[in-house]
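Q: Please find one structure pasted underneath; my questions will follow.
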Amino acid sequence: MRSSAETAPDIRVRDARIEGESLVVDLMDGRTISVPLAWYPRLLAATPEQRRCWEIAGGGYGIHWPEIDEDLSTEGLLRGAPAPRRQFASVARSETGDPG
């Protein structure tokens with residue numbers, strides 16, 4: 001017989017939202033993850049409407065924002081993994097009109 005302590009956590013996405021300068025993600029197991037928007041330049045640069053337009057992806061283990069082509073996984077969020085440096089550079093270039 002398995003006890004509740006032996007049950008694997010359910011890290012699938014239940015809900016996601018922007019609160020101030022943070023991305024907040026509720027998980028199916030009841031936990032809530034909050035990370036700085038600054039870690040994800042595409043989300044930071046997106047309009048409020050684009051940020052609200054998200055969908056659950058990857059069998060529930062990811063979030064996809066189709067209008068800005070951003071994908072985040074719950075595993076990465078739990079690890080505290082910001083976007084790769086190359087994404088920071090490409091977003092900065094696109095905002096300034098610099099081709100690279």
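Q: Quick one: length gained pulling residue 15 to residue 67 fully straight, 0.36 nm per residue minus the C-alpha distance?
A: Roughly 16.9 nm would be gained on extension.
Q: Taking just the C-alpha trace of segment 1-87, give me its Rg and Dmax in Å.
A: 13.7, 49
Q: Separation between the residue 26 and residue 85 pseudo-spin-labels, each 7 Å from Cα along Cα→Cβ, expressed in nm?
A: About 3.8 nm separates the two model spin labels.
Readers should treat all values here as calculations from the given coordinates under stated rules, not as data from a laboratory. These figures come from a predicted structure and were not determined experimentally. In this analysis, Cβ positions are derived from the backbone assuming ideal geometry, glycine residues included, and neighbour counts consider all displayed protein chains.
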